[in-house]
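J.: One structure, as structure tokens, below. Some questions next.
The values are calculated or read from the model by the stated rules, or taken from the named source; none is laboratory data. Please read all numbers here as calculations on a predicted model, not as lab measurements. We place every Cβ from the backbone using ideal geometry, glycine too, and count neighbours over all the protein chains shown. In case anyone asks, the SASA skips ligands and DNA or RNA and just uses the protein heavy atoms, side chains included. Shrake-Rupley method; radii C 1.70, N 1.55, O 1.52, S 1.80 Å.
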Amino acid sequence: MLELVVAGITELGGGVRALTLRDPSERTLPSFAPGSSIAVQVGAQVPGAAPARNSYSLTGPGRRPESYSISVRLDEAGRGGSRWMHGLQPGDSVTASAPSSAFPPVLSARHHLLIAGGIGVTPILSHARAAAEWGRSFEVVYAHGEGGGAHREELEELSGGRLTVCGSRGELRAHLAAALIDQPLGAHLYVCGPVAMIEAVTSAAGAAGWPDSRVHAEAFTAPALEPGEPFDAKLLRLGRTIRVESGTTLLDALLAENVPVPNLCRQGVCGECRVAVRVRPGSGDKDTAGIEHRDSFLTDEEKGRGDCLMPCVSRPRGEILELEL
Ligand code: FES
């Protein structure tokens, strides 16, 4: 983990603020690849409980950086992480993970088609910055609503005439209809934004003949989930039972009872919160069918075994779930 201080804050409009984070002794920070993110511990640490962490894309230069830049959109309906980030002042301390990369550029690509929606611009900005620095062939499509458009000027500077801004879904659709066909062989597509936009872009790419291996996506927001039915979680090793109400995730219920479970994305994407589930001998399909897996991390085979789940999004179909906790 890295202990950092807030060295600067810039309000970008549309409820987005950019934060600059430095090492307190001004040491150089670990380098990172375009599309990397850091997990920032948000909120006060509760003794015995796993800290809440939010993941933010790094938007600045990645080679031996003197600071990290992240941009945070205030989400009033969220779990409080963005509110905490918006309460930070210059000089405040934050704890963050070292950068990790799950959305890197393919360096052998002949051309990079970078597509951003809303605050999903942050990893796309770092892709554009690196592509401009290394002289790679690229273009950027940025879709945002009125009042949005964080980092647009910076993208314009980096991209020269290679930036297209779309102010509506219709404009984006119309632009992509031509742009997805007019690409050199060996081009790669990168898209980051809301889930609905990613689905629209990836299915348009599929329809235009792009192979999956050349399409890379990073979802910025997960779709809202059904609240689900209440159930009891039996913690077999701890000898306790926890009631999980409708609308509360199993992860939140465990953390509220001070049962430490590592977590990061809370959207069923990162795999951090995986918990083992007791499979009763001979229960077979009955038990497998007993979990409603809502994550996009476990493989179909793992889901089929029914011996684990991601408690940030998934829940049992029945009234009782037995956990190896
Ligand atoms: S916290 Fe990321 S999958 Fe659950």
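J.: Can you report the number of residues in the stretch 235-261 which are hydrophobic (A, V, I, L, M, F, W, C) and either in a loop (DSSP other than H, G, I, E, B) or more than 25 Å from the chain's Cα centre (by Cα) (or both)?
T.: Going through the stretch 235-261, the residues hydrophobic (A, V, I, L, M, F, W, C) turn out to be 235-236, 238, 242, 244, 250-251, 253-256, 259, 261.
Next, from what is left, pick out any that are either in a loop (DSSP other than H, G, I, E, B) or more than 25 Å from the chain's Cα centre (by Cα) (or both): 235-236, 238, 242, 244, 259, 261.
Adding up the residues that qualify gives 7.
J.: Regarding Gly35, is this residue surrounded by 21 or more Cβ atoms within 10 Å (Cβ to Cβ) and in contact (Cβ under 8 Å) with a residue 40 or more places away in the chain? Walk me through how you get there before you give the answer.
T.: Working: surrounded by 21 or more Cβ atoms within 10 Å (Cβ to Cβ): yes; in contact (Cβ under 8 Å) with a residue 40 or more places away in the chain: yes.
For Gly35, the condition - surrounded by 21 or more Cβ atoms within 10 Å (Cβ to Cβ) and in contact (Cβ under 8 Å) with a residue 40 or more places away in the chain - is met.
J.: Another question about this same structure. Does Gly80 satisfy being in contact with a strand residue (DSSP E or B) (Cβ under 9 Å, 6 or more places away or on another chain) and either free of Cβ contacts under 8 Å to residues at least 12 places away in the same chain or surrounded by fewer than 15 Cβ atoms within 10 Å (Cβ to Cβ) (or both)? Full working, then the answer.
T.: Details: in contact with a strand residue (DSSP E or B) (Cβ under 9 Å, 6 or more places away or on another chain): no; either free of Cβ contacts under 8 Å to residues at least 12 places away in the same chain or surrounded by fewer than 15 Cβ atoms within 10 Å (Cβ to Cβ) (or both): yes.
No.
J.: Then there's this: Taking the stretch 291-320 only, how many residues are among the polar types (S, T, N, Q) and either within 13 Å of the ligand (Cβ to nearest atom) or under 18 Å from Gly247 (Cβ atoms) (or both)? Can you show your working first?
T.: Within the stretch 291-320, the subset among the polar types (S, T, N, Q) is 296, 299, 314.
Keeping just the survivors that are either within 13 Å of the ligand (Cβ to nearest atom) or under 18 Å from Gly247 (Cβ atoms) (or both) gives 296, 314.
Result for the stretch 291-320: 2.
J.: Still on this structure, I have one more. Counting just the residues of the stretch 242-259 that are within 22 Å of Val40 (Cα to Cα) and away from the ligand (no atom under 13 Å from the Cβ), which one comes out surrounded by the fewest Cβ atoms within 10 Å (Cβ to Cβ)?
T.: By that ranking, first place goes to Asn258.
J.: State yes or no: is Gly228 in a loop (DSSP other than H, G, I, E, B), out of contact with any Leu (no Cβ under 6 Å at 6 or more places or on another chain), open to solvent by less than 60 Å² (accessible area, probe 1.4 Å) and more than 16 Å from the ligand (Cβ to nearest atom)?
T.: Values: in a loop (DSSP other than H, G, I, E, B): yes; out of contact with any Leu (no Cβ under 6 Å at 6 or more places or on another chain): yes; open to solvent by less than 60 Å² (accessible area, probe 1.4 Å): yes; more than 16 Å from the ligand (Cβ to nearest atom): no.
No: the conditions fail for Gly228.
J.: Could you list all residues from the stretch 262-276 that are modelled with pLDDT of 90 or more and either surrounded by 22 or more Cβ atoms within 10 Å (Cβ to Cβ) or within 11 Å of the ligand (Cβ to nearest atom) (or both)? Before you say what the answer is, go through the steps one by one.
T.: Step one: of the stretch 262-276, the residues modelled with pLDDT of 90 or more are 273-276.
Scanning the stretch 262-276 gives Cys273, Arg274, Val275.
J.: Between Ser31, Ser82, Ser37, which is polar (S, T, N, Q) and assigned to a strand (DSSP E or B)? Explain how you work it out, then say what you get.
T.: On the way: Ser31 fails: assigned to a strand (DSSP E or B); Ser82 fails: assigned to a strand (DSSP E or B).
Ser37 is the lone residue from the list that is polar (S, T, N, Q) and assigned to a strand (DSSP E or B).
J.: Next question, about the same structure. Taking Thr288, is it modelled with pLDDT of 95 or more, more than 26 Å from the chain's Cα centre (by Cα) and more than 14 Å from the ligand (Cβ to nearest atom)?
T.: Details: modelled with pLDDT of 95 or more: no; more than 26 Å from the chain's Cα centre (by Cα): yes; more than 14 Å from the ligand (Cβ to nearest atom): yes.
Taking the combined requirement at face value, the residue does not satisfy it.
J.: Quick test for you: out of Val191, Val201, Val215, Val195, pick the one residue that is farther than 25 Å from Leu107 by Cα and not assigned by TED's automatic domain parsing to the domain that holds Ser37.
T.: Working: Val191 fails: farther than 25 Å from Leu107 by Cα; Val201 fails: farther than 25 Å from Leu107 by Cα; Val215 fails: farther than 25 Å from Leu107 by Cα.
Within the list Val191, Val201, Val215, Val195, the selection yields Val195.
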